[in-house]
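Just so you know, all these numbers are worked out from the coordinates, no wet-lab data involved. What you see is a predicted model, and the numbers here were worked out from it, not measured in a lab. Here Cβ is always computed from backbone atoms with ideal geometry, including for glycine, and neighbour counts include all displayed protein chains.
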Amino acid sequence: MDNFLSELEQQVLKQKSIMDRKQKGQFFTPSFISEILGLWLTTTSSPITNVLDPAIGYGSLVSPLPHVLPVDGYDIDEELLQFAEDALSDHSSLNLIHKDYLTSDWNKQYDGIVCNPPYIRFREFKDKQKYLNLFQDKLGLKLSGATNLYAFFLIKALHQLSEKGRAAFIIPSDFLHADYGEIIKEYMLKKANLHLVVIADFHLNWFDDAVTTSALFFFDNAKQVEETEFVHLTNQTELPILKQHLINYYENKPIGTSIPSIQIKPNKKWRMYYQTQGNTIYKNTKPLSTFAKVSRGIATGANHFFCLTEADLETWHIDQKYVSPCVTKSHQLAKHFFTQDDFEELVQMNAPIYLLDIKKEDADDPHVHTYIQHGEQQGYHERFLTKKRRPWYKNEKRNPADILVNVFSRGKVKFIRNEANVRNLTAFHCIFVHPQYRDDLEVLMAFFMTDICQSLLEQYHREYGKGLKKFEPNDLNQSEVVDLDMIPSDIKNAIRELYQQIRIKHIHQTEKDHTKAVVELNLIFTDLLMRG
């Protein structure tokens, strides 16, 4: 059967393009994960009498289960259901249902539920309001519009789990660290049935095509939870240990960290429960929001229309007064300092660094009017964001930020001092220093360049697949930084002097020469954070 499923998977992958699968949120489950999830369902003391797979795909999760078990398998992809019918032909009580699971039967109870739900950013879903209203009506849950589709599958499935039932899910772990995930975590905690969470190391991707972090969730209604075990896998070779642990789970000693239920808080990032924390407790810190405000960059909704090169301005005869200097892509900022000379270099490279910045009355200019007509011919006025604006070509207003920070990163998070005073798109977040702390701008930027800053930031980011990290504005607003108010003036002056040394060497592209100054900065800030 395993060989047949492997051949079938290859056939599915050939017939369905990556784009098609991503649009439908389809990321197929490796067989070794299917076995682990199935093991949880079949090692219960009370044998299960029926099984639900809310997003059955081609049946890989159901395949390891006993063939006599009645199975309900939902999917909206009829082609995949045909594959599942072939793959699971030995299962004598298979009921494949070509319907949307989320809007289908809410009353039937299941002893076993296994699922790898679709992974789709919910805010991109055209029917999202329908689901939001449905879940508020059925369960009284007011879910965020940022909630990913997989969370709806998780919540509804737990609602349908019988009083003695078990469920096993493989889903992304990002909701554990996101603002929208608080209500989901609260729902799970109220169910009091989450016994085990297994998180893969962030360089270990169980789904080759998905840029996300994988996690396994094990629920059991037969035994009220008093503590939840968190297991952090760093290598695939640890999976046999996990499989053995699931057999007679309640008699085994924990292989991870067990946290009493009363200590698990839905408003916290759950990374704190499974990642090894350093023993160092830093003092003299405050949230970044004390000293600055972090907000996202400008979302145009149609970058190809709004982001122009020097050549574009000449081609369309658009005057400079109708555009604003703007960095549009993360690779455009390679250093910690972005100067006017750096901007001019991008101009010479014909990079798209001019943002169309027009109002309704500017359409009276014949050249601007022609360009707007061109945009409408290309359908840019019907995009998700643009069609909500009046007029559609009016962009968001955002002042140039003091400091920029990359939204996504691998390795260190990069902060950039925006000396060129340019605007930025959503590849960067904006950091606006509060007026009363303008004199400390260089001190704050100096802190951002140190290793100790990176260490403090580590607990606030969100993890995606293959080592990719992401910060939302609120993650940064809440992150702890050095307390600028407690730094003596003589030390601030020493920091500013080192900052200027680093700045000059960065600008003149002699970055290797500034290492000593950065080390000195790190020592200064470490000392400040360790003081009593």
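If each of Lys412 and Ser489 carries a label point 7 Å out from its Cα toward its Cβ, how far apart are those two points in nm?
3.2
Working out 0.36 nm times the residue gap between Asp439 and Ser289, then minus their Cα-Cα distance, what length gain in nm do you get to one decimal?
This chain segment gains 52.4 nm when fully extended.
Report, by chain and number, residues whose modeled amide H sits under 5 Å from the one on Cys430, excluding near sequence neighbours (fewer than 5 apart, same chain).
Ser295, Arg296, Gly297
³J(HN,Hα) across the range 437-445 via Karplus (A = 6.51, B = -1.76, C = 1.60, θ = phi - 60°), whole Hz, x for Gly/Pro?
10, 4, 5, 9, 4, 5, 5, 5, 5
In debye, nearest 20, what is the charge dipole magnitude of the range 300-395 about its Cα centre with +1 on Lys and Arg Cβ and -1 on Asp and Glu Cβ, if you could check?
Roughly 720 debye for the range 300-395.
Can you tell me which of 325-332, 445-452, 42-49 comes out highest on packing, and rank the rest after it, using the mean Cβ neighbours within 10 Å?
The packing order, highest mean first, is 445-452, 325-332, 42-49.
Sequence neighbours fewer than 8 away in the same chain don't count; with that in mind, list the aspartates and glutamates whose C-alpha is under 18 Å from Lys191.
Correct list for Lys191: Asp111, Glu163, Glu182, Asp220, Glu226, Glu227, Glu229.
Check which residues have an amide H placed less than 5 Å from Leu96's amide H, if you skip close sequence neighbours.
Gly73
Among Lys128/Lys164; Lys223/Lys253; Lys293/Lys394, which pairs are too far apart, with a Cα-Cα distance over 26 Å?
Lys128/Lys164
By average Cβ neighbour count within 10 Å, what is the ranking of 473-479, 417-423, 223-229 from highest down?
The packing order, highest mean first, is 417-423, 473-479, 223-229.
HN-Hα J couplings of the range 152-163 from phi, Karplus 6.51/-1.76/1.60, θ = phi - 60°, integer Hz, Gly and Pro as x?
5, 5, 4, 5, 5, 4, 5, 5, 9, 7, 5, 5
Which of the peptides 80-86, 141-147, 382-388 is most tightly packed, and how do the rest follow, going by the mean number of other Cβ atoms within 10 Å of each residue?
Output ranking for 80-86, 141-147, 382-388: 80-86, 141-147, 382-388.
How much length is gained on full extension from Leu139 to Ser46, taking 0.36 nm per residue of separation minus their Cα-Cα distance?
The Leu139-Ser46 span can extend by a further 30.7 nm.
May I ask you to derive the FRET efficiency for Asp179 and Asn248 from their Cβ-Cβ distance with R0 = 41 Å, giving the value to the nearest 0.05?
Working from the Cβ atoms, E equals 0.60.
So, with +1 on the Cβ of K and R and -1 on the Cβ of D and E, and no other charges, what is the size of the charge dipole of the chain about its Cα centre, to the nearest 20 debye?
Using only the charged Cβ atoms, the result is roughly 1200 debye.
Roughly what percent of Cα-Cα pairs across the chain reach past 46 Å?
25
Suppose every K and R has +1 on its Cβ and every D and E has -1 on its Cβ; what is the size of the dipole of the range 270-334 about the Cα centre, in Debye to the nearest 20?
720
Answer with one residue from Ser489, Gln136, Thr213: the one whose Cα lies farthest towards the positive end of the charge dipole of the chain, charges on Cβ with Lys, Arg +1 and Asp, Glu -1.
With unit charges placed on the Cβ atoms, the residue in question is Ser489.
Round to the nearest 0.05 the FRET efficiency obtained for Ser455 and Arg531 when R0 = 22 Å and r is the Cβ-Cβ distance.
After rounding, the FRET efficiency stands at 0.85.
Please report the spacing between the Cα centers of the range 254-327 and the range 353-369 in Å, no decimals.
30
Per-residue ellipticity at 222 nm for the chain, helices alone: DSSP H runs ≥ 4 residues times -39500 (n - 2.57), over residue total, nearest 500 deg cm²/dmol?
Result for the chain: -9500 deg cm²/dmol, rounded to the nearest 500.
Please list, ordered by chain and number, the residues whose modelled amide H lies under 5 Å from the amide H of Ser258; skip anything fewer than 5 residues away on the same chain.
So Ser258 has HN proximity to Phe230.
Whole-Hz ³J(HN,Hα) for each residue in the range 383-400, computed from phi via Karplus 6.51 cos²θ - 1.76 cosθ + 1.60 with θ = phi - 60°, x for glycine and proline: what do you get?
These are the phi-based 3J(HN,Hα) values: 5, 3, 7, 5, 5, 8, 9, 10, x, 5, 8, 7, 8, 5, 9, 8, 5, x Hz.
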